[in-house]
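Visitor: My questions will all concern the structure given below.
The values are calculated or read from the model by the stated rules, or taken from the named source; none is laboratory data. Note that the structure is a prediction, hence the values are computed from the model and not measured. Here the Cβ positions follow ideal geometry from the backbone for every residue, glycine too, while neighbour counts run over all protein chains shown.
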């Protein structure tokens, strides 16, 4: 596309002395006494809190020889950051990523507290992390975790007081002016007050940017998502660039396995209170790895000098670094057009270059940040842009014309202007209203932001026109001054508003999915022929001297005219494993000490194992891999896997020498530092199938003589993975006969402990005498025998479905097998086991089934997540009590275990209480060829009547009695303090009597009656009063006399002799 005619405006260059004077004037202006207060005090402020470089396009533009000879690195740019401080607060002892490079401009040009809390140390870790994302040099990771603009300098302003509160100065001009006078033109803020309104801080930011139009303020949108209208007060600023967060997937660390580019659930959404589009851009904001403050704890064992955080703060930092790269290019490489770009221009360029979906921009924003998609068209001179500093007056029209020659690339025209500040809490904040319109060569007209449905847009100070398939020819662009409420151009002959205008076609084409007939195939179905002489290949951030003969599958493709660039990333790792989670497949590092998060595997990905094509599902755990990663989506496209496998029996492990020996050969193998130990358990089906219990996974306690399988590196011969193969039985302990070394499980299975067999209780050495009925046990047995060689018992363990994880309160809410809600506390040292590997709490999601190990104080020590197929809709057919199997109408059979949750209409039941044709929702886990039922939630058939259930309750001495009558044929009592149901006998007339001694603080007991013929079910909750004189309480017509008569007839009461009519308890 070539610009036919346009207005070209030279930028005004300002000297530092003049800038300093302007900064002082702005500070005075911001604190003028004649300005009335803008609003009431704002709510408390809060922090909003690698691969992001690839996703944002920073890796490619940083490659030497692509955009510039040395690559764009942010050199000579200063980015200001107001946050929680920086590491130790001492310039001499900072994290290696912030130390000065010899001969370079200082990395940290200022490190100061703005709240009199010197030194500006970071005891939260948030500020250090953000600073590293923006401009860390990656020294502590060999460059792996360097920031977006690694050669930029940082102006650090700590706004955390000694009590950890965020206290940005008021007015904000006191924060912005000093950084501006020091040369910073980008100011990043990862904090905000959680209220969606245009208040004092938003107006102060707008006022400062209007006074200093080359000062770009960036705010995170807030972490209050995903609901609409949840952005912060600061994100209501018109002139700031507001950024939301998209997924930056490291699937081993993710709570929700969402694909790259999907808006993060935590990210606050717009619109603003007055309906404006905020955030304007989205950027990577989850699982971001960056420097860790030395004063905080980390969560990234692969490199303890770094840590992992998420939030729109991180997205704002990614955008701040990207803006520094763009400014570096505009100042150094495009100085003939603009030597000092305005904030409006930087904002418009980044928005115009953002990746959008097929539908174009939406009310949720203009797209995902893509600095390659912004700067490459500028280098190729294919975009037209201008800064109209004389502005447009009210009723005036500025006209531009551009020519389009490519009909297959979307055309975007973006208009942005720095609007005068509105008064705080104004209902409508736009002061000056400009309108953007375009007429195509086919006479079709377009209006700015017409996707919002309101034409013309009179709310936003950013407008965009998106034409997905432009026709060839000349487009006429018009900027019209609709309303000028306050002049923004000093010295103008009439009130006017200045603006920046950008027009160009998208450079991003998609990613390569294959090749055919000398053409490449893209993910959108297009086929193209690339000229090798006009194609640049960037691999791992380096431009290849010669383009590859065959473009790499999964590479991102950018094209401008006939010039193309292919961008790809290589991943090499050892000790990996593949995991299926629903319809997604993950590839992650098995050892948590070396885990960097892994990758999603693209559905079209191909694998080669030891040189031959292979089924990805057949890749064993612990192998070495070299793969190609698509940078923009962070998905793995190819896998070259290598390994060697050896089987034998374990002789022993010499940890000092780092070797392992096998029988019968006595051969020795070196151990990799990344070795992972796991168990492959084969359940003893004679004991009945149960929910798998992964006892001992990751443990280094091994029994010599057990069969093992070793996975070896094909290059070093080291053992990457040792799998111990065990025959196990899992269940609930019913009885222990110590003298006979005999245990029996619920269900009747019995096992003998061999002489010298090991016993552990809660992972500690123990004896059979310490075990109790009800303990969960996992026993290692000899193949073909009922003899136990190792017995693991657990008494403080709960099984259930996670329904909520509150990371703010460090609580997990669990529904147990009796459908009761329980809560337990997460501890900092909690161990999480999922997919057979140790991970952390980020992988816990609502709906997970898990074993939860707790302490006496209900603190969680370990969580073992069990993978299951969930939400299967079906219909009940029959239940076999002998085999304990449930069969559905579609012919599938499920094993019912002692841990299966069964409920009807939300009420816990037994499998015998189900009737044919009732609707079921099933969760199950696959154990070999057997489906083991995790839960079955039933609904009664429409029209089914509830059985009658009448109850009366009262105390006699210290015992609480419940008597009553029911028309059902099965009756259960559930004490909320108890661990199991009680079966209540019913006589031929449906009467029952039951009593117990309540525990302290036990408030109620639940009765459930079922008619096993019709499937009808009813429940009654009986309140337990304090043990004082209490009247009879009931829900039926039965009175006190009738109740006493029933009890006497049943033998529970005995009449006193002498005919007094008084009764006493039997015995």
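Rundown of residues vs (1) closer than 30 Å to residue 579 by Cα; (2) modelled with pLDDT of 95 or more, yes/no style:
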residue	(1), (2)
188	no, yes
194	no, no
203	no, yes
213	no, yes
219	no, yes
242	no, yes
247	yes, no
250	yes, no
253	yes, no
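Visitor: Mind checking which strands (runs of 3 or more DSSP E) fall wholly inside the range 426-526 and carry at least 1 residues that are crowded, with 21+ Cβ neighbours inside 10 Å and either modelled with pLDDT of 90 or more or in the same structural domain as residue 406 (by TED's automatic domain parsing) (or both)? Please lay out each step first, then the result.
Guide: On the way: elements: 432-439, 445-447, 462-467, 473-484, 496-505, 508-516, 519-522.
Answer list for the range 426-526: 432-439, 462-467, 473-484, 496-505, 508-516.
Visitor: Another question, if that's okay. Only one residue in 744, 699 is at negative phi and either at pLDDT 85 or above or surrounded by 19 or more Cβ atoms within 10 Å (Cβ to Cβ) (or both), so which one is that?
Guide: Result: 744 is the single residue among 744, 699 that is at negative phi and either at pLDDT 85 or above or surrounded by 19 or more Cβ atoms within 10 Å (Cβ to Cβ) (or both).
Visitor: Here is a list: 645, 674. Which entry is at pLDDT 90 or above and part of a strand (DSSP E or B)?
Guide: Working: 674 fails: at pLDDT 90 or above.
Residue meeting the stated conditions: 645.
Visitor: Check residue 750 against each of (1) under 28 Å from residue 931 (Cβ atoms); (2) surrounded by 16 or more Cβ atoms within 10 Å (Cβ to Cβ); (3) modelled with pLDDT of 85 or more and name the one condition it does not meet.
Guide: (2)
Visitor: Please determine, by comparing only the residues of the range 805-821 that are surrounded by fewer than 16 Cβ atoms within 10 Å (Cβ to Cβ) and closer than 26 Å to residue 910 by Cα, which one is modelled with the lowest pLDDT.
Guide: Filtering first and then ranking leaves 820.
Visitor: Has the range 293-304 got at least one residue that is more than 15 Å from residue 86 (Cα to Cα), in the same structural domain as residue 248 (by TED's automatic domain parsing), out of contact with any helix residue (DSSP H, G or I) (no Cβ under 7 Å at 6 or more places or on another chain) and surrounded by 24 or more Cβ atoms within 10 Å (Cβ to Cβ)?
Guide: Scanning the range 293-304, I find no residue that is more than 15 Å from residue 86 (Cα to Cα), in the same structural domain as residue 248 (by TED's automatic domain parsing), out of contact with any helix residue (DSSP H, G or I) (no Cβ under 7 Å at 6 or more places or on another chain) and surrounded by 24 or more Cβ atoms within 10 Å (Cβ to Cβ), so the answer is no.
Visitor: Could you tell me which residue of the range 576-597 is modelled with the highest pLDDT, considering only residues that are surrounded by fewer than 19 Cβ atoms within 10 Å (Cβ to Cβ) and in a loop (DSSP other than H, G, I, E, B)?
Guide: 583
Visitor: Would you mention how many residues in the range 842-862 are surrounded by fewer than 17 Cβ atoms within 10 Å (Cβ to Cβ) and under 26 Å from residue 288 (Cα atoms)?
Guide: Within the range 842-862, residues that are surrounded by fewer than 17 Cβ atoms within 10 Å (Cβ to Cβ) and under 26 Å from residue 288 (Cα atoms) number 3.
Visitor: Still on this model: Can you name every one of the strands (runs of 3 or more DSSP E) wholly within the range 873-980 that holds 1 or more residues which are at pLDDT below 90 and closer than 26 Å to residue 731 by Cβ?
Guide: Details: elements: 885-888, 893-904, 919-927, 930-939, 949-956, 959-966, 970-975.
Here the list reads 893-904, 919-927, 930-939, 970-975.
Visitor: Any idea how many residues of the range 119-133 are assigned to a helix (DSSP H, G or I) and in contact with a helix residue (DSSP H, G or I) (Cβ under 8 Å, 6 or more places away or on another chain)?
Guide: Our first condition is that a residue be assigned to a helix (DSSP H, G or I); within the range 119-133, this holds for 126-133.
With the extra rule that they be in contact with a helix residue (DSSP H, G or I) (Cβ under 8 Å, 6 or more places away or on another chain), the set shrinks to 126, 129-133.
Qualifying residue count for the region: 6.
Visitor: Separate question: Only strands (runs of 3 or more DSSP E) wholly contained in the range 302-415 count here; list those with 1 or more residues that are within 23 Å of the chain's Cα centre (by Cα).
Guide: Numbers: elements: 306-309, 384-393, 397-404.
In the range 302-415, the matching strands (runs of 3 or more DSSP E) lie at 306-309.
Visitor: Another question about this same structure. For the range 65-106, what are the residues that are in contact with a helix residue (DSSP H, G or I) (Cβ under 6 Å, 6 or more places away or on another chain), buried (at least 20 other Cβ atoms within 10 Å of the Cβ) and part of a helix (DSSP H, G or I)?
Guide: Once the filter is applied, which keeps residues that are in contact with a helix residue (DSSP H, G or I) (Cβ under 6 Å, 6 or more places away or on another chain), buried (at least 20 other Cβ atoms within 10 Å of the Cβ) and part of a helix (DSSP H, G or I), the range 65-106 yields only 97.
Visitor: Quick one: which residue in 865, 896 is more than 21 Å from residue 253 (Cα to Cα), in contact with a helix residue (DSSP H, G or I) (Cβ under 8 Å, 6 or more places away or on another chain) and crowded, with 17+ Cβ neighbours inside 10 Å?
Guide: Details: 865 fails: more than 21 Å from residue 253 (Cα to Cα).
The conditions single out 896.
Visitor: State all residues of the range 135-171 that are farther than 26 Å from residue 76 by Cβ and assigned to a loop (DSSP other than H, G, I, E, B); if no residue qualifies, say none.
Guide: Applying the first criterion (farther than 26 Å from residue 76 by Cβ) to the range 135-171 yields 159-171.
Selection gives 159, 161, 162, 163, 164, 165, 167, 168, 169, 170, 171.
Visitor: Shifting gears a bit: What are the residues in the range 782-804 that are more than 27 Å from the chain's Cα centre (by Cα) and buried (at least 22 other Cβ atoms within 10 Å of the Cβ), if any?
Guide: 788, 791, 792, 793
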